[in-house]
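A.B. asks: Can you keep this structure in mind? I'll have questions shortly.
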Amino acid sequence: MTLRFASIGSGSQGNATLVEKDNTCLLIDCGFSFIQIQQRLQRLDRCGGDLTAILVTHEHGDHIRGVSMLARKCNVPVWMTPGTAAQFDINGIPELQLFNCHDSFIINDIQVNPYPVPHDAREPCQYVFTDGDSRLGLLTDAGCTTRHIEDSLSGCDALMLECNHDSEMLAHSAYPQSLKERIGGRYGHLSNDQSMDLLSRLDYSRIQHIVAAHLSEKNNTPSLARQALSQALGCTPGWIGVADQEAGLSWREIL
Ligand SMILES: [Zn+2]
Ligand SMILES: [Zn+2]
């Protein structure tokens, strides 16, 4: 079987992504309650017992809300950076694995390549996954891009990229000024345009799937995110997928 991925839901109310190869099933973040995650896993034909590991990106609530309970109830090991662990209530987690976010590691059939990102958390990272043939890159919760992010995501076969906000919509939103500055700042979230710029600088010659993620429900629309990313690739907007807050994204195979 090929490397595949799905979104359980994406946005400021909760994030979780599945990455799978044969019998190895990784859950990236769990920003949903235990009941919610069970229902949402079922939608993708999976259950907590199928999970090989949970990988955490950082300690914000929309990424960790359900991690502890899911890990405990389903006896799943949890992986995170030492900085994230320092901000996390690790009591009750059956098995905690810490990693250096510059070193890759292997969980059964999947090699995990973490990489650090600028975001207002203690030691946030994002991930590139590979089975030796294909590479899937994930990037959300980054205030800006870096050369290291570009190097990490270049040459991927599939990408899930943060399109948090449209800068105009954010500037004109009812959010308090401090929140606008946090979101738009260097340690906040990527705008559609920032994501478009990043994508245009990557080697995307192998790309099969591009999915926009972590869209703000107030300061963005799926159509604006699609437009931005499609401009970078010169493809039709309809080809760009969107990981939705409510519906997530159904399974995508990397061939
Ligand atoms: Zn965050
Ligand atoms: Zn987030």
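The values are calculated or read from the model by the stated rules, or taken from the named source; none is laboratory data. Note that the coordinates shown come from a computational prediction; the quantities given were computed from them, not determined experimentally. Cβ sites come from the backbone with ideal geometry, for glycine too, and all protein chains shown count toward neighbours. Ligands, DNA and RNA are excluded from the accessible area calculation, which covers all protein heavy atoms including side chains. Shrake-Rupley method; radii C 1.70, N 1.55, O 1.52, S 1.80 Å.
A.B. asks: Could you go through region 216-221 in sequence order and give the Karplus-derived ³J(HN,Hα) for each residue, using 6.51 cos²θ - 1.76 cosθ + 1.60 with θ = phi - 60°, rounded to whole Hz, and x for Gly and Pro?
C.D. replies: The phi angles translate into 6, 6, 9, 10, 7, 9 Hz.
A.B. asks: For region 1-73, place one equal point scatterer on every Cα, skip the solvent, and apply the Debye formula. What is log10 of I(q)/I(0) at q = 0.23, 0.24 Å⁻¹?
C.D. replies: The computed values of log10 I(q)/I(0) come out as -0.98, -1.07.
A.B. asks: Once the principal axes of the Cα atoms of region 35-132 are found, what is the range along each, listed largest first in whole angstroms?
C.D. replies: Reported extents, whole Å, longest axis first: 33, 33, 22.
A.B. asks: Hey, another quick one. What are the extents of the Cα atoms of region 75-133 along their three principal axes, in Å, largest first?
C.D. replies: In descending order, the Cα extents are 36, 31, 12 Å.
A.B. asks: For region 99-255, give the percent of accessible area contributed by carbon and sulfur heavy atoms, probe 1.4 Å, rounded to a whole number. Write out the running numbers ahead of the final one.
C.D. replies: Working: 3270 of 6780 Å².
Percent of accessible area from carbon and sulfur atoms in region 99-255: 48.
A.B. asks: Still on this structure, please answer the following. What are the radius of gyration and Dmax of region 148-255, computed over its Cα atoms and given in Å?
C.D. replies: That works out to 13.9, 45 Å for Rg and Dmax.
A.B. asks: Considering only C-alpha atoms, what is the centroid distance from region 139-177 to region 1-30, in Å?
C.D. replies: 19
A.B. asks: Among His148, His58, His209, determine the one that fluctuates most according to a GNM of the chain built with springs between C-alpha atoms less than 10 Å apart.
C.D. replies: His148
A.B. asks: With the Cα gyration tensor of the chain in hand, give its eigenvalues times 5 under a square root as the equivalent ellipsoid semi-axes, listed largest first in whole angstrom. Walk me through the intermediate numbers first.
C.D. replies: Details: eigenvalues 133, 88, 61 Å².
Its equivalent ellipsoid spans semi-axes of 26, 21, 17 Å.
A.B. asks: Which of these, Asn219, Asn23, Asn164, has the largest mean-square fluctuation under a Gaussian network model of the chain (Cα springs below 10 Å)?
C.D. replies: Result for the chain, Cα springs under 10 Å: Asn23 fluctuates most.
A.B. asks: Report the gain in length on full extension from Gln39 to Asp203: 0.36 nm times residue separation, minus Cα-Cα distance, nm rounded to one decimal.
C.D. replies: Extra length available between Gln39 and Asp203 comes to 55.3 nm.
A.B. asks: Among all cysteines in the chain, which have no other cysteine Cβ under 4.7 Å from their own Cβ?
C.D. replies: Cys25, Cys30, Cys47, Cys74, Cys144, Cys156, Cys163, Cys235
A.B. asks: Dividing the alpha-carbon radius of gyration of region 120-194 by 2.2 N^0.38 Å (N being the number of residues), what value is obtained?
C.D. replies: In units of the globular-protein estimate, region 120-194 measures up at 1.25.
A.B. asks: Once the principal axes of the Cα atoms of region 58-193 are found, what is the range along each, listed largest first in whole angstroms?
C.D. replies: The Cα atoms of region 58-193 stretch 46, 37, 21 Å along their principal axes.
A.B. asks: Continuing with the same structure: Could you work out which residue, out of Cys163, Cys47, Cys25, moves most in a Gaussian network model of the chain, that is, has the largest mean-square fluctuation with Cα springs under 10 Å?
C.D. replies: In the Gaussian network model the winner is Cys47.
A.B. asks: OK, next. Within region 185-224, which residues have the backbone N less than 12 Å from the label spot 7 Å out from Thr146 along Cα→beta-carbon, could you tell me?
C.D. replies: 187, by backbone N distance to the label point.
A.B. asks: Translational diffusion coefficient, Stokes-Einstein: compute it for region 96-162 using the Kirkwood radius over C-alpha pairs as Rh, at 25 °C and 0.890 mPa s, and state it as an integer in µm² s⁻¹.
C.D. replies: 199
A.B. asks: Rounded to whole Hz and in sequence order, give me ³J(HN,Hα) for region 63-70 from the Karplus expression 6.51 cos²θ - 1.76 cosθ + 1.60, θ = phi - 60°, writing x for Gly and Pro.
C.D. replies: 10, 10, 2, x, 4, 4, 5, 4
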